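Only one structure is covered here, and it is reproduced in the block below.
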Amino acid sequence: MKKQIQQSDLELFRQHVQDAEPILHDHVEPDRRRPPPIPRPRPIEWREAGMRHLSESEIETHDFLLFSRPGVQRRLVAELQRGGMEIGLELDLHGLHADHARELLGQFLAECGRRRIRCALIIHGKGHRSSGRQPILKQKVNYWLRLHEEVLAFCSAARRDGGTGAVYVLLRNPNKSMRRA
């Protein structure tokens, strides 16, 4: 049952809205425009031209990982080792199967490039579930990162960020990448 509006209330309402102009359309405008869609990243080309001869069996995986491309400044690598660079993105791979981890790593590196990230953290785990063998994901990440041309250097993380169960990854300077292209 509808409530009846009293005459005094109706008159008061009409007094307050007498200056109002009617709306000419009957649909609501959105508050903000939708951002343009971002295309999905293309699959990463895993093999760099100069590294095609590199095989996984040639890469030794020690407890502490350290890799840098020729020409990367020692000061930059030392800062990376100290954990002194701001981490832009983080990826947790530990516990995943190798094929799935490789796919996620490729997508992650593409996303880092899109977002112009300089330093990232990848958690691969310490391999406690590798049943007495070397940590599988740690070995794979050590190999895969060397094949990606945008990776300039990587090293095991500081203890606060996962220690030997994670790596800091130094990516090519996004500003320099744009000039190259």
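A few comments on the model shown:
- Residue list for the stretch 80-91, filter: part of a loop (DSSP other than H, G, I, E, B) and either under 15 Å from the mean Cα position of the chain (by Cα) or modelled with pLDDT of 95 or more (or both): E86, I87, G88
- Just one of (1) open to solvent by 100 Å² or more (accessible area, probe 1.4 Å); (2) acidic (D, E); (3) at pLDDT 70 or above fails for E29. It is (3).
- Members of the stretch 82-91 found to be within 14 Å of A158 (Cβ to Cβ), open to solvent by less than 50 Å² (accessible area, probe 1.4 Å) and among the hydrophobic types (A, V, I, L, M, F, W, C), listed by number: M85
- Answer residue from the stretch 124-171, given it is part of a helix (DSSP H, G or I) and of a type in the set (D, E, K, R) and is most open to solvent (accessible area, probe 1.4 Å) among those: R159
- Tally of residues being modelled with pLDDT under 90 and either surrounded by 19 or more Cβ atoms within 10 Å (Cβ to Cβ) or under 21 Å from N173 (Cβ atoms) (or both) across the stretch 92-123: 1
- Restricting V72, V77 to those that are in contact with a strand residue (DSSP E or B) (Cβ under 6 Å, 6 or more places away or on another chain) and over 17 Å from A158 (Cβ atoms) reduces the list to V72.
- Complete set of residues in the stretch 112-126 that are of a type in the set (G, A, S) and in contact with a helix residue (DSSP H, G or I) (Cβ under 7 Å, 6 or more places away or on another chain): A120, G125
- In the stretch 57-79, residue nearest to D161 (Cα to Cα) [restricted to those that are in a helix (DSSP H, G or I) and modelled with pLDDT of 65 or more]: E79
The values are calculated or read from the model by the stated rules, or taken from the named source; none is laboratory data. Because the structure is a prediction, the values reported are computed rather than measured. Quick reminder, even Gly has a Cβ in these numbers, built from the backbone with ideal geometry, and neighbours come from all protein chains shown. Accessible surface areas use protein heavy atoms only, side chains included; no ligands, DNA or RNA. Shrake-Rupley method; radii C 1.70, N 1.55, O 1.52, S 1.80 Å.
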